[in-house]
C-alpha cells in the first residue's frame with residue numbers, strides 16, 4: 001500500500017473528502033504486514049480516535065479495496081483479512097493462531113487446472129495458500 005500521505009493525495013485526486021477517520025485508517029494500514037481483520041483495525045483506530053465507528057472502518061476498507069489499494073482475503077480464518085500489499089504474492093496461514101504471512105517468488109505459470117475440470121471456466125489468476133504451523137506456535141525444539 002502507499003504511504004498514508006500518498007493515500008491522502010490519492011483521495012484528493014479522486015475528489016474524495018479527507019477526514020481524520022480516513023487518515024487514521026491509512027496510518028494503521030501503512031506498512032502493516034499482519035493482514036488484520038476489520039475488527040483489529042477498528043480496535044487499533046479506537047486507541048487514537050475513540051469516536052470512530054465500526055461502520056466507518058468498514059466503509060474505508062471497502063473504498064480502498066475498490067480503488068485497488070487493499071486486498072480483501074478470505075483465507076479460512078473465520079474473518080476477512082486485509083492486505084495493503086497489492087503486489088502479486090501468496091500467503092501462509094497458521095492453523096493454530098490464524099496468523100497470515102506473505103510469500104513472494106512463486107512461479108504459478110506452470111500450475112494448470114486439468115482440462116476435465118475447466119468445463120467452460122476461464123482461469124484469470126492463481127492463488128497459493130500454504131497452511132501449517134507458524135514458528136511461534138510450533139513446539140520448542142521443533143524446526144522446519
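On inspection, residue 79 qualifies as farther than 17 Å from residue 126 by Cβ and at pLDDT below 95. Look through segment 1-32, keep the residues that are in a loop (DSSP other than H, G, I, E, B) and under 18 Å from the mean Cα position of the chain (by Cα), and return whichever of them is farthest from residue 90 (Cα to Cα). If we take residues in segment 1-32 being in a loop (DSSP other than H, G, I, E, B) and under 18 Å from the mean Cα position of the chain (by Cα), then 3 is farthest from residue 90 (Cα to Cα). Those strands (runs of 3 or more DSSP E) of segment 86-143 in which at least 1 residues are in contact (Cβ under 8 Å) with a residue 60 or more places away in the chain, surrounded by 12 or more Cβ atoms within 10 Å (Cβ to Cβ) and out of contact with any strand residue (DSSP E or B) (no Cβ under 6 Å at 6 or more places or on another chain), considering only elements entirely within it, cover 100-103.
Residue 63 meets the conditions (1) touching a helix residue (DSSP H, G or I) at 6+ places or on another chain (Cβ under 9 Å); (2) under 25 Å from residue 137 (Cα atoms); (3) at pLDDT 95 or above in every case but one. The failed one is (2). Being closer than 27 Å to residue 4 by Cβ, free of Cβ contacts under 8 Å to residues at least 40 places away in the same chain and in contact with a strand residue (DSSP E or B) (Cβ under 8 Å, 6 or more places away or on another chain) is a property that residue 65 has. Is there a residue in segment 33-46 that is buried (at least 18 other Cβ atoms within 10 Å of the Cβ), within 30 Å of residue 126 (Cβ to Cβ), in contact (Cβ under 8 Å) with a residue 60 or more places away in the chain and within 12 Å of the chain's Cα centre (by Cα)? Within segment 33-46, one or more residues are buried (at least 18 other Cβ atoms within 10 Å of the Cβ), within 30 Å of residue 126 (Cβ to Cβ), in contact (Cβ under 8 Å) with a residue 60 or more places away in the chain and within 12 Å of the chain's Cα centre (by Cα). Checking segment 5-15 against the condition returns a match, with at least one residue being crowded, with 20+ Cβ neighbours inside 10 Å and farther than 13 Å from residue 82 by Cα.
Selection of segment 54-72 for residues being at negative phi and either crowded, with 17+ Cβ neighbours inside 10 Å or in a loop (DSSP other than H, G, I, E, B) (or both) yields 56, 57, 60, 61, 64, 67, 69, 70, 71.
The values are calculated or read from the model by the stated rules, or taken from the named source; none is laboratory data. What you see is a predicted model, and the numbers here were worked out from it, not measured in a lab. Here Cβ is always computed from backbone atoms with ideal geometry, including for glycine, and neighbour counts include all displayed protein chains.
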